[in-house]
Amino acid sequence: VTTRIIAGVVAIIPLYAIGLLSSYVASRWITIFFNGQSAGTYDHYFDLFLSPQDVLLSVLKVLIFSVLVIL
């Protein structure tokens with residue numbers, strides 16, 4: 001069980017980071033290029049409403065959920 005949990009945690013962290021980063025890039029791209037909003041406005045509100053603490057808590061949540069699924 002321990003090796004499965006370690007392997008799951010090692011695999012989940014980069015996969016989640018790639019998924020999170022790609023969703024941020026895709027939403028920025030859609031908002032700027034398809035909706036015509038300025039990049040500065042998008043970046044301002046993105047930085048305003050996304051706190052690093054929320055991202056870290058979401059990583060913790062994903063790790064807890066993945067360990068529970070593995071068990």
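Each value in this text was obtained by applying a stated rule to the coordinates, not by laboratory testing. These figures come from a predicted structure and were not determined experimentally. Virtual Cβ from ideal backbone geometry, glycine too; neighbours counted across all protein chains shown.
Bin width 10 Å, origin at 0, all Cα-Cα pairs of the chain: what percent of pairs per bin? The percentages, shortest bin first, are 18, 38, 25, 15, 5, 0.
Which residues in the stretch 17-40 have a backbone N closer than 15 Å to a point placed 7 Å from the Cα of residue 47 along the Cα-to-Cβ line? 39-40, by backbone N distance to the label point.
Scanning the chain for DSSP H helices at least 18 Å long along the axis (C-alpha atoms) with a Kyte-Doolittle mean no lower than 0.5 picks out 2-29, 52-70.
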